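The values are calculated or read from the model by the stated rules, or taken from the named source; none is laboratory data. Keep in mind the model is a prediction, meaning the values are calculated, not measured. Cβ sites come from the backbone with ideal geometry, for glycine too, and all protein chains shown count toward neighbours. We work out accessible area using only protein heavy atoms, side chains counted, and drop any ligands, DNA or RNA first. Shrake-Rupley method; radii C 1.70, N 1.55, O 1.52, S 1.80 Å.
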Amino acid sequence: MIVDCCSAPGLKPYNEALEQILSSIVPIREIELLPLEDCLERILAEDLLSTNILPPWHCSAMDGYALNSGLYDANRPLTMVGSSFAGHPYDGKVNIGECIRIMTGACLPADCDAVVMQENVQLKDTKIIIEAMVEPWQHVRKAGSEVTIGEIVLNQGQRINPRNIGVAASLGLSKIPVFRQLRVAIFSTGDELVPPGGTLLSGQIYDSNRYSVAAVCKRLGYEVIDYGLVADDKEKIKAVMLEAAAIADVLLTSGGVSVGEADYVKPIIEEIGHIDLWKVAIKPGKPIAIGSIQQCKFFGLPGNPVSAMVTLNLLVQPAMQKLSGMELIPATIISAICDTKLNKKAGRRDFQRGTAYTGDQGNWHVSSTGSQGSAKLTSLSQGNCYIVLDENCTGVRAGEKVNVQLFDEVIR
Ligand code: AMP
Ligand code: MG
């Protein structure tokens, strides 16, 4: 068996590492009442109980005619005596032999219990002849059928999405309680790095990590404090770390966490804070420094861009989400037929990048995005999933089934 050369003893298996990271996180508790318009991606701080019923009254689900099904005589035409339009109810009586014109969303008059769709009716002047059976409550949305008083409509810890915003608005809420925003400080280390837009000299590359890391934090609804690029200089890195740790809940850096001569991040944290975990048995992403500086959680991401994104997504994101008060949602894992042969050494858990799709027979397939070098960002941006290969897997033949973890809505 070929064993992964980077799978040295002391690497923590992924599941254990994640458990350890999460167990050290105590969620923030400060709550703010925010206008609904500002709540997208924020975390709901309390269960939201409905104080109203929905719909507030019986209303029509169709454009047509409202009548009383119990008094209706199939052999007699009905006389139209009024109309109920959305926002303009009909307040009068509806007697035997009568109906009213009604539109979708309009209030059902007190004497009526059914709506006949206009497609099933012949209209002659002010009279209608119904060409179908009439059942009580047909095409009526009954008062309270959607939501009752006291019902939990949104749960504490939910990340507010556009659908949740709609629910809160439909109940008439203009503000909802959310946890305060997480403050995340970021910087990149590396003397070779130049911000996009600059000119590259020999040996330089563009800083991509700070931009992808900031984008993830913005998607998560966090406030990002960007300290830019910091040179490979121990004192400079230390100074920025101390400044950031004093104001942020989380500090995310990239680069300098390995054992190279310019890799200062780990020794600095050991000096000004502490490291809880350093190496995780995953590929890409082995060297990731996890710890804290005073009350600030610290995550030193690897410099290689794919490793930085993958460790951010798989290890740091759950930790930040727990810290932000969010209820964690397990990843979506599906079983798929692998179209491509995959190389893998025993030791670490691989998160290879792939493209999952439904095949002609309706079952899931996945194909590799190609070369899996941890510097090759396009292998990540072109895919839509991780092909998850467990620690003891030693490769996959084309046509074999594999576990696929679809990219979540944050990095998708
Ligand atoms: P390091 O962990 O600092 O040794 O970096 C590992 C590799 O990732 C090196 O090839 C770096 O040039 C590259 N790298 C480090 N930081 C970044 C960054 N912010 N953006 C793009 N590449 C980076
Ligand atoms: Mg570096």
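In summary, Asp191 fulfils each of the numbered conditions (1) surrounded by fewer than 19 Cβ atoms within 10 Å (Cβ to Cβ); (2) within 30 Å of Leu49 (Cβ to Cβ) with the single exception of condition (2). When the stretch 166-196 is examined, which residues are found to be touching a strand residue (DSSP E or B) at 6+ places or on another chain (Cβ under 7 Å) and within 16 Å of ligand 2 (Cβ to nearest atom)? Ile186, Phe187, Ser188, Thr189, Glu192, Leu193, Val194, Pro195, listed by residue number. Residues in the stretch 205-226 that are open to solvent by 50 Å² or more (accessible area, probe 1.4 Å), among the hydroxyl-bearing types (Ser, Thr, Tyr) and more than 16 Å from ligand 2 (Cβ to nearest atom): Tyr211 alone.
Evaluated against (1) in a strand (DSSP E or B); (2) within 16 Å of ligand 2 (Cβ to nearest atom), Pro267 falls short on exactly one condition, (1). Can you confirm whether Gly255 is surrounded by 22 or more Cβ atoms within 10 Å (Cβ to Cβ), within 16 Å of ligand 2 (Cβ to nearest atom) and on the phi > 0 side of the Ramachandran plot? Yes: the conditions hold for Gly255. Taking the stretch 121-144 as the range and being small (Gly, Ala, Ser) and in contact with a His (Cβ under 9 Å, 6 or more places away or on another chain) as the test, only Ala143 passes. Within the stretch 178-201, residues that are more than 30 Å from Leu34 (Cβ to Cβ) reach partners that are more than 10 Å from ligand 1 (Cβ to nearest atom) and open to solvent by 30 Å² or more (accessible area, probe 1.4 Å) with beta carbons closer than 6 Å, at six or more positions or on different chains, in the pairs Asp191/Ala231; Val194/Leu200. Give the residue that is farthest from Lys142 (Cα to Cα), with candidates limited to residues of the stretch 59-107 that are at pLDDT 95 or above and among the hydroxyl-bearing types (Ser, Thr, Tyr). The residue in question is Thr79. Quick check: anything in the stretch 200-208 of a type in the set (Val, Ile, Thr), in a loop (DSSP other than H, G, I, E, B) and within 11 Å of ligand 1 (Cβ to nearest atom)? Taking every residue of the stretch 200-208 in turn, none turns out to be of a type in the set (Val, Ile, Thr), in a loop (DSSP other than H, G, I, E, B) and within 11 Å of ligand 1 (Cβ to nearest atom). Within the stretch 293-310, can you find the residues that are under 26 Å from the mean Cα position of the chain (by Cα) and either of a type in the set (Val, Ile, Thr) or away from ligand 1 (no atom under 13 Å from the Cβ) (or both)? Cys296, Lys297, Phe298, Phe299, Val306, Val310, listed by residue number. At least 2 residues being open to solvent by less than 20 Å² (accessible area, probe 1.4 Å) and touching a residue at least 60 places away in the same chain (Cβ under 8 Å) is the threshold, and among the strands (runs of 3 or more DSSP E) wholly inside the stretch 310-412 those reaching it are 333-338, 349-358, 401-406. For the condition of a type in the set (A, V, I, L, M) and within 25 Å of the chain's Cα centre (by Cα), Val265 does not qualify.
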